[in-house]
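Asker: There's a structure below that I have some questions on.
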């Protein structure tokens, strides 16, 4: 482009329209005629070839099927996460309630008069707690003296020498353990023999 002869600030205000038109002509002089006088051929860009209807249909069907598969995977993943959160909530709540269940069992074991109405009331409440835990899928770990020690389900707090039991066998259960859907909420506290 050429350098302009006039500065825009030097324009005559009385004749501003004519001078702006003249300035525009100077600026764009020869810009549009350049393409017509050029000897070289314009570059041809390969345009994308139009696809056939079958190819477009196949491509769209593939996209649709992939979208459906992704959505199905997303739905399954979120359902699994929701179930996991629900199970984690049950375990957390039960973990807080288990000391109360233990205290009810201690109260029942401490009472000698089994025909007392107070004892019967405590027994009913303890049974209701056990039924509620069972409805939630929480089960007591079956641990009785003579069972082999399992590090996943038992927590050994003491060791005793007893000839009646074999090696690494539970001699006494000090506190019940609980499990929910194969995950241990609290291991059983036991005394291990030999």
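Asker: Please go through the range 107-117 and pick out each residue that is in a helix (DSSP H, G or I) and either surrounded by fewer than 12 Cβ atoms within 10 Å (Cβ to Cβ) or at pLDDT 95 or above (or both). Even if it seems obvious, please write down each step before you answer.
Answerer: As a first pass, look at the range 107-117 and keep what is in a helix (DSSP H, G or I): 107-110, 117.
Selection gives 109, 110, 117.
Asker: Taking residue 136 as meeting all but one of (1) loosely packed, with under 14 Cβ neighbours inside 10 Å; (2) more than 21 Å from residue 189 (Cβ to Cβ); (3) at pLDDT 90 or above, write down the number of the exception.
Answerer: (1)
For (1) in contact with a helix residue (DSSP H, G or I) (Cβ under 9 Å, 6 or more places away or on another chain); (2) free of Cβ contacts under 8 Å to residues at least 24 places away in the same chain; (3) assigned to a loop (DSSP other than H, G, I, E, B), each residue gets a yes or a no:
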| residue | (1), (2), (3) |
| --- | --- |
| 119 | yes, yes, no |
| 130 | yes, no, no |
| 134 | no, yes, no |
| 139 | yes, no, no |
| 146 | no, no, yes |
| 151 | no, yes, yes |
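Asker: Scan the range 143-156 and give yes if some residue there is under 28 Å from the mean Cα position of the chain (by Cα), surrounded by 12 or more Cβ atoms within 10 Å (Cβ to Cβ) and within 24 Å of residue 86 (Cβ to Cβ), otherwise no.
Answerer: Yes, because at least one residue in the range 143-156 is under 28 Å from the mean Cα position of the chain (by Cα), surrounded by 12 or more Cβ atoms within 10 Å (Cβ to Cβ) and within 24 Å of residue 86 (Cβ to Cβ).
The values are calculated or read from the model by the stated rules, or taken from the named source; none is laboratory data. Here the structure is a predicted model, which is why all the values come from computation and not from measurement. Virtual Cβ from ideal backbone geometry, glycine too; neighbours counted across all protein chains shown.
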